[in-house]
Amino acid sequence: MIEIKIPSPGESISEVEIANWFVADGDIVEKDQEIAEIESDKATLTLIAEESGKIQILAQEGDTVAVGSIACKIDTSFAGEASTTSAPKEIKKEAPAAKETPATVESPKAVTSENYKEVKISPVAKKLMEENHLSVDDVIAGLQRLSKKDIQAVVDNSGNKTEIPSQTKSFSREAKRTKMSNLRKKLAARLVSVKNETAMLTTFNEVDMTAVMELRKKYQKKFIETHDIKLGFMSFFTKAASEALKLHPAVNSMMDGEEIVTPDYADIAIAVQTPKGLMVPVIRNTESLGLAEIEKELMNLANKARTGKISLDEMTGGTFTITNGGVFGSLLSTPIINPPQSGILGMHNIVERPVAVNGKVEIRPMMYIALSYDHRVIDGKDSVGFLVKLKEMIENPQKMLFGGKDPDNLLLEI
C-alpha cells in the first residue's frame, strides 16, 4: 500500500485545497497518471500516481488539507488489473462495427422513427447520429435525466407555433453559489491590501500603433518561418518597457522595510487570464532578450498557467508587471499594482481615431496606455517619463536597438 502525500507548492504554504479528483474511489490507476488537482493560494498543482494499482481516496474535493498529509493510498496488488480492466471496454465498443456487413454500413439505421417523427434534429446532430448508427429511440432511451430546461423547451414548442411567447418565460430567479478557491481568496486579500497600503496613482498616455502594425504585417511570414512563432504586440511592449526601465530605474524599484531596492535587471511579469483566475508568470531578464525569445517564453509560461502546470518559482520575483485588458475590449482602465512591485503597465484596445499628424487630421490605430505606480517610491517625473519613453519606442521601434535613444542623435553625438 503506497501513500500519496500532498506536496509543498512552495515556502510559507502550509495547506492546500483538493480542487478536483480525476479518478473515483476504487478505480484502477496507472503509474504516472494524473489523479487529482490541488490548489494553493498561489498556484495549482497536480497529484501523480507513483505506482499502478487500486486507489483509495482519503481527502475529498473541497477539503483543505495540510502539506505532507495523505491524500490517497494505492494498493499495488491490483496493478496488473489496470490494463485488463480497460481492454474489454475497447473490444466491446469495436465489436458491433466488426460484425456489420458492407450493406449495413452503406445503409445505417434510420435516424427518425414513427414514434418520434415530429422531433426536430439539427444537421450537425443528424450527421453525428448517422456516424454512430443511432436513432432517436436510442438517444431518448440513453437520456439519464431530464432538466427544467428540457421540459421548458417542450412547453415553449407545444401548441400554436405562431404564438408569440410571453415575456415572463425568459425571466429567471435562480442563482448559483460557488465556493471561493484559495487562489481567489488570496487574490482578493492582496488587492485590498494594495489599495490600503500603497499611495497608488495612475498616469495615462496614448500610442500610435501604425509603425508596429506595419512592421508585423511586413515581416510576420518571415518571422514565423525563422522562429516558428507569431510576432505579437506583447513582445514589443515588453522590450520597450525593459529599455524604459533602464532610463527610469525608480519604476523598477520596490520597498523593503525602510529601504528601496532597485534591481539592475528587468523581470517582467505578464498577467494571464486562466480558468482558475488571474495568474502572473514572470519572464526573467527581458532586457537581454530579443522579440522572438520573449514571444517563445511568453507562450510557454501562458500555456503552463492555463493548464495548471506552472510552478510557484515561475510566478514569483517579478520587478514590473504588464497587463493587457485590450484583448477583452477594454478602452481605458487603471490597473492595480502587483505587490511588492511599485509599477504596472496597462495596455488597451487598439481603436482607429482621428489624430493630428503634421498639422493634418489622419485616421490612425491608437491605444491608450496607463501606468499605475506607488507614489511612495516613484515620483511623477519618473512615471510620466517612463510612459513617454515607452510611447516613443513603440512609435519608432528602431529606438529599442539603441536603448530608447534617437539613432540620429547617437550618430551626431548630440
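Rule-based calculations on the coordinates, nothing more; no lab input. Please read all numbers here as calculations on a predicted model, not as lab measurements. Every residue, glycine as well, gets a Cβ built from its backbone with ideal geometry; the counts of neighbours run over all protein chains shown.
Below is a table of values for the structure above.
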| quantity | calculated |
| --- | --- |
| Rough spin-label spacing in nm, given labels placed 7 Å along Cα→Cβ, for ASP313 and LEU201 | 3.9 |
| Nitroxide proxy distance, nm - points 7 Å out along Cα→Cβ at PHE328 and ASP228 | 3.4 |
| Inter-probe distance in nm under a simple model that places probes 7 Å from Cα toward Cβ, at PHE171 and LEU411 | 7.2 |
| Exposure proxy order (Cβ contacts within 10 Å, fewest to most) of ILE344, ILE4, ILE350 | ILE350, ILE4, ILE344 |
| Over segment 234-311: Kirkwood hydrodynamic radius from C-alpha pairwise inverse distances, Å | 13.5 |
| Distant-in-sequence amide H partners of PHE320 (H built 1.01 Å from N, under 5 Å) | ASP267, ALA269 |
| Segment ASP25-MET299, extension gain: residue separation times 0.36 nm, minus the distance between their alpha carbons | 95.0 nm |
| Share, in percent, of DSSP beta bridges within segment 264-414 that are antiparallel, nearest 5 | 70 |
| Residue-span extension gain [LEU58 to LYS185] - 0.36 nm each, minus C-alpha spacing | 43.2 nm |
| Cα gyration tensor shape for segment 162-295, rounded if a/c is under 1.5, else prolate or oblate | oblate |
| Pairs beyond 19 Å (Cα-Cα), from LYS221/LYS389; LYS239/LYS296; LYS246/LYS391 | LYS221/LYS389 |
| Largest to smallest principal axis extent of the C-alpha atoms in segment 182-412, angstrom | 50, 40, 34 |
